[in-house]
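Quick note: the coordinates plus some simple rules give every number you see, no bench work behind them. All figures in this text were calculated on a predicted structure; none of them were measured in a lab. Neighbour counts are summed over all protein chains in view; Cβ atoms, including those assigned to glycine, are modelled from backbone coordinates with ideal geometry.
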Amino acid sequence: MSVPCKFERSILSYDEHEIILRSHHPEIYDAALDDLKALRQRLREMRDKERTLAREKRRAVRGKGAQRGASFPGTAEHPLQRKQVFAAALKRVNREIDRMFKLEARTMHIEAARRALAMRRAAQFPGNALLRRRLHFPQFRNRRLRGIYIRPLVLAAHYSHWRLVSAS
């Protein structure tokens, strides 16, 4: 269940609310992956602390065990609701980290597919050793080799055909 930002502000302290704000819409997209991982760790710690406080409070109310400390912390009036706020923020951060990983994997797959297509096209024309060399060694891809460079031949009949052209 979603929690309004106004309720988050009312139930959390100023420092906790600042941490939670980094997991909301505009700020979360500007954060780097390392920042998000650190934020995730901090949110986990905060959520676990609130979960422990909520369990202790429930046990004390049921009479199962005495309170461990001299008094209950002043900020933990509603530990379950505070825990829900931290859990929702943690969920947002986890989804953003997952989205970043999926985006990176997608770009890697696209690059690999383009390389495979170029290698297949190079293999279709066996006399084109220079093209194969450029495909296997990335440092030679966009550079002239001994005055020879590769250019796609643009003809109506052969759009996918490659040819060596010597540079004059």
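In a DSSP loop and with at most 14 other Cβ atoms within 10 Å, the GluC sites (Glu not before Pro) in region 18-118 are Glu77. When its C-alpha radius of gyration is set against 2.2 N^0.38 Å (N residues), region 5-112 gives a value of 1.35. Couplings 3J(HN,Hα) of region 32-46, computed from phi: 7, 5, 5, 5, 5, 5, 5, 5, 4, 5, 5, 5, 4, 4, 5 Hz, in residue order, whole Hz [Karplus 6.51 cos²θ - 1.76 cosθ + 1.60, θ = phi - 60°; x for Gly and Pro]. Residues in region 48-61 carry Karplus couplings, in order, of 5, 5, 5, 5, 5, 5, 5, 5, 4, 5, 5, 5, 5, 5 Hz; the curve used is 6.51 cos²θ - 1.76 cosθ + 1.60 with θ = phi - 60°, and Gly or Pro positions show x.
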